[in-house]
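Beneath this line is the structure, given in structure tokens, with notes to follow.
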Amino acid sequence: MIEITDLRKIYRMGTVEVKALDGLTLNIEKGEFLGIMGPSGSGKSTLLHMLGLLDLPTSGKIVIDGMDISRFTDYEKTMFRLYKLGYVFQDYALVPDLTVMENVSLPAMLRKDRTEEQTIKDSFGILQKIGLCDRREHLPRELSGGQQQRVSLARAMVNKPDILFADEPCANLDTENSRVVLDLFREINESMHQTIVMVSHEDWHKDYFHRIIRMRDGKIISDGINGASKNT
Ligand SMILES: Nc1ncnc2c1ncn2[C@@H]1O[C@H](COP(=O)(O)OP(=O)(O)O)[C@@H](O)[C@H]1O
Ligand SMILES: [Mg+2]
């Protein structure tokens, strides 16, 4: 469970202040597939960065599974990210000189509690799940955008994180590839009970979410259970 209380993030650029997050309070339940929607500049990515321990809020509190993350040391943050969190970005962010298999194994190799054998087994398993096992020796540039995004999802999932963050993962994909990627997110959420927090700009994506937060000017303007998603 993620508990966010009165979260604020102010960017100062010279004399100009931008309130990217302006007093945001929100609880996210375990296993929830949450969609964050809203116009460009409304603070969606900023919120995800704070929740993902990638940046610090100006004020406010984030508690994940009972732990106040603002009290973490840098080392604890790194470990928390490695063991608990997964990320999928709009631009895939794969390492260009590493093969698909190497990209997917990377986060698993950074962990000290996994043998090499286990890492290979896990990477193989997740590549099978996303249907790209036969492409494991390819470089990212030899794959389509949709395939690259599936690889980045596999990389995010290889350590079986409790929480998966995705910032507009379908922004560079056509409708068909977006569906393939969104179906994978849904399958992961249903089969592995991962909490997923996904930012999206496309209205039709809302069918995938259990619950939708809409943001504007760094605030939540609506928060609702998505009834339509339950039977799709
Ligand atoms: N690193 C930064 N420095 C200064 N301003 C920023 C920075 N990141 C985001 N902003 C500003 O904060 C606001 C929210 O941005 P962002 O969270 O990226 O919105 P969204 O993801 O909803 O498009 C915008 O006005 C943006 O210009
Ligand atoms: Mg954004």
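Go ahead and collect, in residue order, the members of the range 147-164 whose backbone nitrogen is under 20 Å from a label point 7 Å along the Cα-Cβ direction of residue 117.
Under cut-off, by backbone N: 159.
Apply 1/(1 + (r/R0)^6) to the Cβ-Cβ distance of residue 67 and residue 97, taking R0 = 41 Å, and write down the FRET efficiency to the nearest 0.05.
Numbers: r = 36 Å, r/R0 = 0.88.
The value I calculate is 0.70.
Taking the Cα atoms only, what angle lies between the long axis of helix 74-84 and the longest principal axis of the chain, rounded to 10 degrees?
Compared with the principal axis, the helix lies near 60 degrees.
Mind giving me the FRET efficiency for residue 54 and residue 223? R0 is 30 Å, r the Cβ-Cβ distance, nearest 0.05 is fine.
Working: r = 23 Å, r/R0 = 0.78.
The calculated FRET efficiency here is 0.80.
Tell me, what is the FRET efficiency for residue 75 and residue 30 to the nearest 0.05, using R0 = 22 angstrom and their Cβ-Cβ distance as r? Before the final figure, lay out the partial values.
Details: r = 26 Å, r/R0 = 1.16.
Working from the Cβ atoms, E equals 0.30.
Which residues' amide hydrogens lie under 5 Å from the amide hydrogen of residue 58, considering only partners 5 or more residues apart or on another chain, with H built in the peptide plane?
8, 9, 10
Report, largest value first, the span of the C-alpha coordinates of the chain along each principal axis, in whole Å.
The principal-axis extents, from largest down, are 49, 41, 35 Å.
Taking every pair of alpha-carbon atoms in the range 114-213, what share in percent sits in each 10 Å bin, from 0 to the bin with the longest distance?
Over the range 114-213, the share of Cα pairs per 10 Å bin runs 14, 48, 31, 7, 0 percent.
Between the range 91-115 and the range 31-64, what is the C-alpha centre distance in whole Å?
For the range 91-115 versus the range 31-64, the Cα centre distance is 25 Å.
What angle, in degrees between 0 and 90 and rounded to the nearest 10, separates the Cα long axis of helix 175-192 from the longest principal axis of the Cα atoms of the chain?
Approximately 90 degrees, to the nearest 10.
Whole-Hz ³J(HN,Hα) for each residue in the range 136-141, computed from phi via Karplus 6.51 cos²θ - 1.76 cosθ + 1.60 with θ = phi - 60°, x for glycine and proline: what do you get?
5, 8, 7, 8, x, 5
In Å, what Kirkwood hydrodynamic radius results for the range 90-164 from the alpha-carbon pair distances?
On the way: mean 1/r = 0.0826 Å⁻¹.
After inverting the mean inverse Cα-Cα distance, the result is 12.1 Å.
Compute the orientation-averaged projected area for the range 23-83 from the convex hull of its Cα atoms and round it to one decimal in nm². Working shown, then result.
Numbers: hull surface 19.4 nm².
The directionally averaged projection comes out at 4.8 nm².
Only bridges with both residues in the chain count here: give the DSSP antiparallel percent, nearest 5. Numbers along the way, then the final one.
Details: 23 of 40 bridges.
Looking only at bridges with both residues in the chain, the antiparallel portion is about 60 percent.
In the P(r) worked out for the range 33-161, what percent of Cα pairs fall beyond 25 Å? If you can, show how the numbers build up before the last one.
Values: 2810 of 8256 pairs.
Tail of the P(r) past 25 Å holds 34 percent of the pairs.
Laboratory data are not the source of any read-out in this text; all were calculated from the coordinates shown. Keep in mind that this is a model prediction, so the values were computed, not measured. A quick note on method: Cβ atoms are made from the backbone with ideal geometry, for glycine too, and the neighbour counts reach across all protein chains shown.
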